[in-house]
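The values are calculated or read from the model by the stated rules, or taken from the named source; none is laboratory data. Every value quoted in this text rests on a predicted model; they were computed, and no experiment measured them. Glycine also receives a Cβ, built like all others from the backbone with ideal geometry; neighbour counts cover every protein chain displayed. Just so you know, the surface numbers come from the protein's heavy atoms only, side chains and all, with ligands and any DNA or RNA stripped out. Shrake-Rupley method; radii C 1.70, N 1.55, O 1.52, S 1.80 Å.
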Amino acid sequence: MNGAKIILESLKKEKINKLFGICGGSVIPLFDEIYKDDDIEFILTRHEQAAAHMTDGYSRATGEVGVCVATSGPGATNLVTGLATAYMDSIPMIAITGQVATHLVGNDAFQEADTTGITRPVTKHNYLVTDVKDLASTIKEAFYLARSGRPGPVLIDIPVDIQKGSCKFTYPEKVNIRGYKPKTSGHTKQIKAAVKLINASKKPVVYAGGGVIISKASKELRAFAAKGKLPVTTTLMGTGSYPADSELSLSMLGMHGTYFANHAIQNSDLIVAIGARFDDRVTGRVKDFARGAKIIHIDIDPTSISKIVNADLPIVGDCKIILKKLTKDIETKKRSGWHKQISKWKKEHPISYKKDKKLRPQYIIEQLYEATSGKAIITTEVGQHQMWAEQFYKYNEPGTFLTSGGLGTMGYGFPAAMGAKMGKPKKTIINIAGDGSFQMNIQELATCVINDINVVNVVLNNNYLGMVRQWQELFYDRRYSQVCLGKSHKERVPDFAKVAEAYGAKGITVCKKEEVMPAIKEALKYKTGPVVMDFIIEEEENVYPMVPAGAAIDEILVDMA
Amino acid sequence: MKHTISVQVENKFGVLARISGLFSARGYNINSLAVGETEDPEISRITIVVHGDESVLEQVTKQLNKLPDVIKVKDFLNSDIIKRDLILIKVSANKKVRPEIIEIATIFRAKIVDVAKESITIEVTGDEDKVSAFMDLMRPYKIKEIVRTGVIAIERGGK
């Protein structure tokens, strides 16, 4: 069997039936096999970066491993942003890149780049295959690494002559990497000690991150919180891991988190961090984070523990397994004093916005929630709209909010939405975008139209790179340097509805508050391809609450005053 | 504090790049690094000397362990170990001072490996203290060039 066919057969062994990517000179043998193959569907994107984000979105929505393909050189370098995005958020995916023929490697050949060198810091692991005999076992190993332990993207670089070479195909049953044995079960003594701390705590807070979603531990988290009456705050990546409409939910913490989540953290006596990594957007000024609290930190990646905030009690292992054990042993408690205090904070400063006649982004998102009964999968780009999407749509299930949390990649949301739709065809998929971000992968409208991928893009168009503008307004005396995206305040560029129509998609422009709901309903009715809704919103709307950079998280601005 | 870390890795290409990349990406400073094959040709050993406080070293060790190509990491901080550094040192030496230099070299059990008209090259092996003491004594004679291997280390006893 030739190398190219070995790649496809190996992928099928891993139950892969969809690939995202673009062809090129050094993957022609692989694409020739794809041409002959009836079982593999190939989504030809318009940019490799988008292919990587689609794969990532597919993985996040399904909890499985997506695969993208690119050619050598620029094809591979275009994947880098997508790989880095997935790496920061621990998303399993496989990237297959072509490479120049082995005898040319290192010669500065046409479309040659040191792909494994370039992608080393943004992948969990990567390979350059130099012998066709290693191909199948390398693919097996790559999938194993991508999905196990703390998941992440793995890249396999395959020179064109290896794709053309041939050998007998046998797909290994098992993988054994002696330097890689992730611990999952958690140390019994540590778990016992954690139970003791939790039982003794009067003011505990559970701080849940993306790890809960990755380990599919949402059910276990609910049981844990319910038994101990433990209030739960989630990170941006943990959104959906715990139902937002639960009484115990504190919503998000950190820079744009809620007043009550941040105050709960700062006044608690015990933080139970689960699958979270104390990102700087969460902690604010580190030395003042959770001043009076002991910290239990549960994570499968030992490097996350005591990296930023010292953990009093580390537990290395899988969240799901450890949560089960903890729930079994903790005492049923009421903790009514603590909950009374939290309710008071909730009443004092709920998440809110100015309700007037103007078209405000928060209103649009509330209407989206209503129109979809909270059942859609929401993807986002990065910026103000991303925060509003987190704050004003309520997520009650894991895998319903897909966002670039760690790397903060503008241009992520649209292709991720497409990938999510490919993985979950029955779901309504909505990409909440800004006018800046949406233009970073707008070319994928073509891919979307051609493949009839039905996603709705909600562009919250404020004519600005809004989050930077907000910082410039608040901390740089309104010196709006290079953030206005239009020709002027009156003339926004482009007309997104027209762009959509040029691609053969549906375009809708909304300027008034009363037009919002009818427009959303019209968009949701459209089932044949992509929709672009251009909402002409208030230009200088800000995201609140906000913790200024370098402040402690209870030094929180709840609004302009 | 100075730590000597011994890392067993898969003897494959690219592994050294992964390790040095980890150090540079996370801003850890390497004092010295020495690599060689072990008794098992599939395994190489990298001995790294690194400066840092306890928390930095904890992260370094964990980050190294996280790499799939890393088989074992050992920080020798609390171990009884034998450390060796090898230097080749070329010193200006005419006929007049040559005997003095040779005398010092003999005391240090160093080897004279090359003698030329105006210079002498000496090989010294030992722990870092011995090697730096020798270098200090050579300084007055004008050191022309020094080449060092970096520290390697092994535990004492049957372990």
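The table that follows gives values for the structure above.
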read-out: Of residues in segment A:483-503 being outside any helix (DSSP H, G or I) and open to solvent by less than 50 Å² (accessible area, probe 1.4 Å), the one farthest from residue A:422 (Cα to Cα); value: A:488
read-out: Filter result for the condition that a residue is of a type outside the set (Ser, Thr, Tyr), within 14 Å of chain A (Cβ to nearest Cβ), closer than 27 Å to residue A:301 by Cα and surrounded by 14 or more Cβ atoms within 10 Å (Cβ to Cβ), over B:48, B:19, B:30; value: B:19
read-out: Residue that is farthest from residue A:429 (Cα to Cα) [pool: residues in segment A:369-381 that are open to solvent by 20 Å² or more (accessible area, probe 1.4 Å) and in contact (Cβ under 8 Å) with a residue 60 or more places away in the chain]; value: A:370
read-out: Members of segment A:273-315 found to be of a type in the set (Val, Ile, Thr), within 14 Å of another protein chain (Cβ to nearest Cβ) and either surrounded by fewer than 22 Cβ atoms within 10 Å (Cβ to Cβ) or under 17 Å from residue A:232 (Cα atoms) (or both), listed by number; value: A:286, A:303, A:308, A:309
read-out: Unmet requirement for residue A:141, which otherwise passes all of (1) surrounded by 17 or more Cβ atoms within 10 Å (Cβ to Cβ); (2) part of a loop (DSSP other than H, G, I, E, B); (3) within 12 Å of chain B (Cβ to nearest Cβ); value: (2)
read-out: Any helices (runs of 4 or more DSSP H) falling wholly within segment B:1-108 and containing at least 2 residues that are among the β-branched types (Val, Ile, Thr) and outside the structural domain of residue B:129 (by TED's automatic domain parsing); value: B:15-25, B:54-66
read-out: Cβ-Cβ under 6 Å pairs, at least 6 apart or on other chains, segment A:175-186 side more than 10 Å from chain B (Cβ to nearest Cβ), far side open to solvent by 20 Å² or more (accessible area, probe 1.4 Å) and of a type outside the set (A, V, I, L, M, F, W, C); value: A:175/A:140; A:175/A:141; A:175/A:144; A:184/A:318
read-out: Count - residues of segment A:517-534 that are open to solvent by less than 50 Å² (accessible area, probe 1.4 Å) and out of contact with any strand residue (DSSP E or B) (no Cβ under 6 Å at 6 or more places or on another chain); value: 5
read-out: Test: residue in segment A:64-72 that is touching a strand residue (DSSP E or B) at 6+ places or on another chain (Cβ under 6 Å), over 30 Å from residue A:236 (Cβ atoms) and either touching a residue at least 12 places away in the same chain (Cβ under 8 Å) or surrounded by 24 or more Cβ atoms within 10 Å (Cβ to Cβ) (or both); value: yes
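This table checks each residue for (1) on the phi < 0 side of the Ramachandran plot; (2) crowded, with 24+ Cβ neighbours inside 10 Å; (3) among the charged types (D, E, K, R).
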site	(1), (2), (3)
A:422	yes, no, no
A:425	yes, no, no
A:428	yes, no, no
A:432	yes, yes, no
A:435	yes, yes, yes
A:441	yes, yes, no
A:444	yes, yes, yes
A:451	yes, no, no
A:460	yes, yes, no
